[in-house]
Every structure is written in structure tokens, then in C-alpha cells.
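Before any comments, here is the structure.
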């Protein structure tokens with residue numbers, strides 16, 4: 001069980017990814033890592049971007065429970081419940097929030113990356129964008145899942161219910177359950 005873990009940007013404008021787990025490629029040859037998570041609970045984990053402080057923008061946050069970058073992630077029979085990605089507040093603009101439970105993205109440098117999800121339940125996960133001081137709030141993209149850029153997602157026999165993407169003041173909230181961008 002991964003419960004009540006937090007990734008937090010601590011300085012003005014610092015981003016936060018993967019409240020419980022973050023995966024990235026190796027540093028020697030940039031080949032992606034392989035992470036397998038089976039029969040697990042991921043509950044009440046947070047990725048919280050820093051507030052803007054002296055800077056104008058709130059920081060981005062992604063993957064309240066899991067952040068997957070240029071790597072392969074295999075999950076099966078998991079429950080992801082009440083996780084949150086929260087963008088920081090800013091003097092000018094609020095920070096974006098992506099994937100309340102899982103945020104996956106790839107650069108395209110290694111086209112073997114895959115996020116494979118089988119028999120998982122996603123419930124009450126939220127992407128909550130930061131509020132602005134003067135202009136516009138951040139965007140919230142994918143309350144449960146955000147699959148971006150060159151990342152490939154294979155989602156089967158899973159339930160996604162009761163999740164939400166809440167944009168900051170005047171900001172967009174898109175894909176309450178799943179947001180994918182090619």
C-alpha cells in the first residue's frame with residue numbers, strides 16, 4: 001500500500017511530480033525503466049506544485065500517485081483512490097495540474113514506453129489547478145489519468161468513476177476521468 005505520501009515543490013515555482021512513485025529513464029543510456037505494480041492500493045497521495053511566491057506563476061504538478069516519464073509502467077488489479085495533483089497559486093497565473101492519479105508522458109526519444117493498466121479502479125482522484133492573483137488560473141488536465149505527448153496507454157477492464165479536473169479561476173478543467181494528448 002502507498003498511502004499518504006507527498007511530493008511538494010518547496011521553493012517559488014518548483015514543480016512536483018509523483019506523490020507516491022516517480023519513474024524516469026536511466027542516466028547512462030536513457031533507456032526507460034520498467035515498473036510493475038500489482039494488487040496494490042494507492043490512496044491519498046499528493047503532488048503539490050509550489051506557489052509563485054516572488055515569481056508570477058504557480059508551479060505545475062502531475063501524478064498525485066504515479067508519475068511516469070519515458071518509461072514503461074505496468075499496473076494490474078490496483079485501486080487508486082483519493083489522490084491529487086495540485087498546481088501552485090501564482091501572483092499572475094496559477095499552475096497546471098495533470099493526472100490526479102497518474103500522469104504519463106514521453107519525449108519520443110525512446111518509442112518503447114508504454115503505460116499498461118489492467119483491472120484497476122480509479123475513484124475520487126482530482127487534478128486541481130492553482131489560482132491566479134491577477135490573470136488566469138491554471139489548467140486541470142485529467143482528473144484520474146493524463147496521457148501526454150508520445151506516451152502510449154493501454155487501458156483495459158478498468159473502472160474510472162467520481163474523478164474531477166478542476167481548473168483555477170477562469171482556467172480550463174478538461175477530462176474529469178481521462179485526458180489524452182498526442
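The values are calculated or read from the model by the stated rules, or taken from the named source; none is laboratory data. In this text, all values refer to a predicted model and were calculated from it rather than measured experimentally. Here the Cβ positions follow ideal geometry from the backbone for every residue, glycine too, while neighbour counts run over all protein chains shown.
Tabulated results
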{"item": "Residue tally, condition surrounded by fewer than 24 Cβ atoms within 10 Å (Cβ to Cβ), in contact with a strand residue (DSSP E or B) (Cβ under 8 Å, 6 or more places away or on another chain) and part of a loop (DSSP other than H, G, I, E, B), over the range 53-74", "result": "1"}
{"item": "Test: residue in the range 81-89 that is part of a loop (DSSP other than H, G, I, E, B), over 26 Å from residue 35 (Cα atoms) and free of Cβ contacts under 8 Å to residues at least 40 places away in the same chain", "result": "no"}
{"item": "The range 155-182 residues that are on the phi > 0 side of the Ramachandran plot, paired with ones that are assigned to a strand (DSSP E or B) and modelled with pLDDT under 95 (beta carbon under 6 Å, 6 or more apart)", "result": "170/136"}
{"item": "Considering residues of the range 90-102 that are part of a strand (DSSP E or B) and at pLDDT 95 or above only, the residue nearest to residue 157 (Cα to Cα)", "result": "102"}
{"item": "Residues within the range 55-73 that are at pLDDT below 95 and under 18 Å from residue 104 (Cβ atoms), tallied", "result": "6"}
{"item": "Within the range 140-170, considering residues that are closer than 21 Å to residue 58 by Cβ and crowded, with 24+ Cβ neighbours inside 10 Å, the one nearest to the chain's Cα centre (by Cα)", "result": "146"}
